[in-house]
Amino acid sequence: DGTLVRESEPGFPFDSPAVRVNAIFTDSRRNLWIGSVDQGVSTIYHYKDRFNEDNALRSELSGKSVTALAVDHDANMWISTLMDGMYVYSQETMALTHFDWVRQDYKRWNRDMCVNSMLVDSHGDIWQVGTDSSVRKVRLENGRQVIDGSWSVFLAMSIAESQDGTIWVGTASKFLYYMRPGETGFTQLKAFDGFTFIPGLVPYGEDQLL
């Protein structure tokens, strides 16, 4: 009914994990994935009343800060961490693959870069927003992350897709950037007056963004 309920209020649907939440994602099976600071990933399964069914996943991510979560069309959960690269967890086989950042678009690998936002679009393409002001379109091939496209978007922070297939990028500024279907580059759009941040984007209705 559109009502917001805090975790401490009656009617909240589950006991929230005692972590600082960095990222949250609901997959197609209605499972809720929560990425945290220094505590890896917690999973609230739609059909179970407990967290983290897979002990191997919990153990591997223990003590790691998760910055972004997304599930691709092959039921792979992409898990970005602050200091430990990217993990891909198969929800079908429970296999966990780890790889460091692939820097095909730079001569030197930047160990300080991490992905702080991800999107799987309506075509199944995987988009990543990096802390190095990069936006990348990637895919998984033979256990490796392959970069199909890379763009420089100054101070990029967040990413979303609107219903018409346009890719939107929020930044640590008053500007949004967008790429319409069929285009090959991002266009700048002033969204606010004065200084602000756009750390999150959520499609709302047919032609609006929150």
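The values are calculated or read from the model by the stated rules, or taken from the named source; none is laboratory data. Keep in mind it's a predicted model, so treat the numbers as computed, not measured. Counting neighbours? That spans all protein chains shown, and the Cβs are built from the backbone with ideal geometry, glycine included. We work out accessible area using only protein heavy atoms, side chains counted, and drop any ligands, DNA or RNA first. Shrake-Rupley method; radii C 1.70, N 1.55, O 1.52, S 1.80 Å.
Give me, ordered by chain and number, the residues 5 or more places off residue 70 or on other chains with an amide H under 5 Å from its own placed amide H.
Here the answer is 78, since their amide H atoms fall under 5 Å of that of residue 70.
Whole-Hz ³J(HN,Hα) for each residue in segment 60-75, computed from phi via Karplus 6.51 cos²θ - 1.76 cosθ + 1.60 with θ = phi - 60°, x for glycine and proline: what do you get?
The phi angles translate into 5, 9, 4, x, 9, 8, 9, 9, 7, 9, 7, 10, 8, 6, 9, 6 Hz.
Over segment 61-210, what percent of the accessible surface lies on carbon and sulfur atoms, probe 1.4 Å? If you can, show how the numbers build up before the last one.
Values: 3820 of 7800 Å².
So the carbon and sulfur contribution to the accessible surface is 49 percent.
Rounded to the nearest 20 Debye, what is the dipole magnitude of segment 116-173 about its Cα centre when Lys and Arg each give +1 and Asp and Glu each give -1 at the C-beta?
Details: 4 positive and 7 negative charges, 37 e Å.
Using Cβ point charges on Lys, Arg, Asp and Glu, segment 116-173 gives about 180 debye.
Using θ = phi - 60° and the Karplus curve 6.51 cos²θ - 1.76 cosθ + 1.60, what whole-Hz ³J(HN,Hα) does each residue of segment 182-187 get, with Gly and Pro shown as x?
Once θ is set to phi - 60°, the couplings for segment 182-187 become x, 7, 10, x, 8, 10 Hz.
Step through the residues of segment 117-122 one at a time and calculate ³J(HN,Hα) from phi using the Karplus curve (6.51 cos²θ - 1.76 cosθ + 1.60, θ = phi - 60°), rounding each to whole Hz and writing x for Gly and Pro.
Computed from phi, the couplings for segment 117-122 are 7, 9, 8, 9, 7, 5 Hz.
In segment 177-210, which chymotrypsin sites (Phe, Trp or Tyr not before Pro) are in a loop and have at most 14 other Cβ atoms within 10 Å, using DSSP for the loop call?
192, 195, 197
Amide H neighbours of residue 114 under 5 Å, at least 5 residues apart or on other chains, H built in the peptide plane: list them.
131, 132
What does the charge count near residue 79 come to, summing +1 for each Lys or Arg and -1 for each Asp or Glu among other residues with Cβ under 11 Å from its Cβ?
Summing Lys and Arg as +1 and Asp and Glu as -1 gives -1.
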